[in-house]
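Some notes on the structure that comes next.
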Amino acid sequence: MIWRIFCSFLCIFILLSIFSFCFSKNLEVSDQVCTKCKQHITGEYWTIDGKVYCRSCMESLIPKCYKCGVLCTEGYYNIDGYNYCKNCFYKYARCDICGSLLEGTFKRTDKGGKFCAKCVAKYPACDMCSGPAGPKGYKISPSRYLCPACAAVAIFTHDQLAYIYKEAIAQLRSLGLVITRPVDNLSIMDENTLKSYYYNTKSMEYIPSGGVGGFYSFSLNHQGSASRIFVLNGLSYEKTLSVLSHELTHAWQIENCPLDQSLLLKEGFAQWISYKVMINKGFRKEAELLLKIDDPVYGEGLRYILNVEAYYGIQGTINYVKQVK
Ligand SMILES: [Zn+2]
Ligand SMILES: [Zn+2]
Ligand SMILES: [Zn+2]
Ligand SMILES: [Zn+2]
Ligand SMILES: [Zn+2]
């Protein structure tokens, strides 16, 4: 089982600041001294807020528009550290949903979406990007929504899941974990169905407060054994791969690790494999999210295994979890 971290916790409202100044170009030939470089100016000079500057000092003081490259002589607007001229500000600094001008604070998502405070208050947050889901958003469970852009790339079908499962198998193999027996059953389902399976599964050991993104079940009786991975639907490709890597690690543990291993080691190692896969695939943000989990089992477990890795290396860590309880 793995924690699902809602990225809405990480997104912040960003202050939009507006800078203006009095600017003029003067063509009189006169004996002026540049306020900044102190050199005498012959020919054209510029005044900013009443102070005299030479061309190169003026250009170093007035920012260029991030969008169109023009010198922002009429003042500029700073959005997330980027400066926009007035024209570009009115053109681009608009809410992605309602189109109104962004003023004061607004929400910026990791995917580059920008939304006014009104839309943020009006619509439920998208489970994937944390921006408001908007009027065309999808409700995928009583408490989960996706905006149209995220819904278009979210994982919903068994075929998609099976494809990512193969990728997870290959990723684990490259880390040295070979799954000799494929998982018997792969299922993708909505939040409530997943929860009811989870709460009814005998292997349920620990309930994290952050929600369940997936889990692995293994049963053994006189007729044989059965293994199954359950995955929450509507997740991104990256997160689905992260969940599958974690759950497949549990499948590997069944055959390679002490069965009575502590939960901290079991889950910590599964999180560590997820973390490694995210790093290998270049999904840095997902990797960082795993590090930010502060759950006493999942978060602490990952940090514990990272310490083991720092000491013993990757192969040494795998040998460690094969032996230590
Ligand atoms: Zn787990
Ligand atoms: Zn100067
Ligand atoms: Zn511009
Ligand atoms: Zn809006
Ligand atoms: Zn979204």
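The values are calculated or read from the model by the stated rules, or taken from the named source; none is laboratory data. Only a predicted model underlies this, so the values are computations on that prediction, with no experimental measurement involved. Reconstructed Cβ throughout: ideal geometry from the backbone, glycine too, with neighbour counts over all protein chains shown.
Applying the condition of being aromatic (Phe, Trp, Tyr) and within 16 Å of ligand 5 (Cβ to nearest atom) to the stretch 112-169 and asking which residue is modelled with the lowest pLDDT yields Phe115. In this entry, Ser245 passes the filter for residues that are farther than 22 Å from Leu146 by Cβ and either modelled with pLDDT of 95 or more or aliphatic (A, V, I, L, M) (or both). Going by what's in this entry, would Ser225 be described as surrounded by 15 or more Cβ atoms within 10 Å (Cβ to Cβ) and not charged (D, E, K, R)? The answer is no for Ser225. Scanning the stretch 279-321 for residues that are farther than 25 Å from Pro208 by Cα and basic (Lys, Arg) yields a single hit, Lys281.
Quick grid of which residues meet (1) away from ligand 5 (no atom under 16 Å from the Cβ); (2) in the same structural domain as Val33 (by TED's automatic domain parsing); (3) surrounded by 14 or more Cβ atoms within 10 Å (Cβ to Cβ):
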| position | (1), (2), (3) |
| --- | --- |
| Thr47 | yes, yes, yes |
| Arg55 | yes, yes, yes |
| Cys65 | yes, yes, yes |
| Asn83 | yes, yes, yes |
| Glu103 | yes, no, no |
| Lys107 | no, no, yes |
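The single residue among Ser56, Ser60, Ser100 that is modelled with pLDDT of 85 or more, polar (S, T, N, Q), within 13 Å of ligand 4 (Cβ to nearest atom) and more than 25 Å from Leu194 (Cβ to Cβ) turns out to be Ser100. Within the option set Gly75, Gly104, being touching a residue at least 40 places away in the same chain (Cβ under 8 Å), in contact with a helix residue (DSSP H, G or I) (Cβ under 9 Å, 6 or more places away or on another chain), within 16 Å of ligand 3 (Cβ to nearest atom) and farther than 22 Å from Lys285 by Cα holds for one residue only, Gly75. Among residues of the stretch 270-284 that are within 13 Å of ligand 1 (Cβ to nearest atom), those with a beta-carbon under 8 Å from a residue that is not in a helix (DSSP H, G or I) at least six positions away or on a different chain give the pairs Ala270/Ile2; Gln271/Ile2; Gln271/Ile293; Ile273/Leu175; Ile273/Leu177; Ser274/Ile2. The residue list Ile254, Ile279 contains one member that is touching a Ser or Thr at 6+ places or on another chain (Cβ under 8 Å), under 24 Å from Tyr304 (Cβ atoms) and surrounded by 13 or more Cβ atoms within 10 Å (Cβ to Cβ), which is Ile254. Look at Ile273 and say whether it is surrounded by fewer than 17 Cβ atoms within 10 Å (Cβ to Cβ) and either part of a strand (DSSP E or B) or away from ligand 2 (no atom under 16 Å from the Cβ) (or both). Taking the combined requirement at face value, the residue does not satisfy it.
Return yes or no: is Gly211 away from ligand 1 (no atom under 16 Å from the Cβ), over 25 Å from Asn319 (Cα atoms) and of a type in the set (Gly, Ala, Ser)? No; evaluated as a whole, the condition is false for this residue. Exactly one residue out of Ile164, Ile188, Ile229, Ile169 is in a helix (DSSP H, G or I), in contact with a strand residue (DSSP E or B) (Cβ under 8 Å, 6 or more places away or on another chain), assigned by TED's automatic domain parsing to the domain that holds Arg284 and in contact (Cβ under 8 Å) with a residue 24 or more places away in the chain, and it is Ile164.
Residues that are assigned by TED's automatic domain parsing to the domain that holds Asp184 and under 22 Å from the mean Cα position of the chain (by Cα): does the stretch 309-318 have at least one? No, the conditions are met nowhere in the stretch 309-318. Among the residues examined, Thr240 qualifies as under 28 Å from the mean Cα position of the chain (by Cα), within 16 Å of ligand 5 (Cβ to nearest atom) and either touching a residue at least 60 places away in the same chain (Cβ under 8 Å) or surrounded by fewer than 19 Cβ atoms within 10 Å (Cβ to Cβ) (or both).
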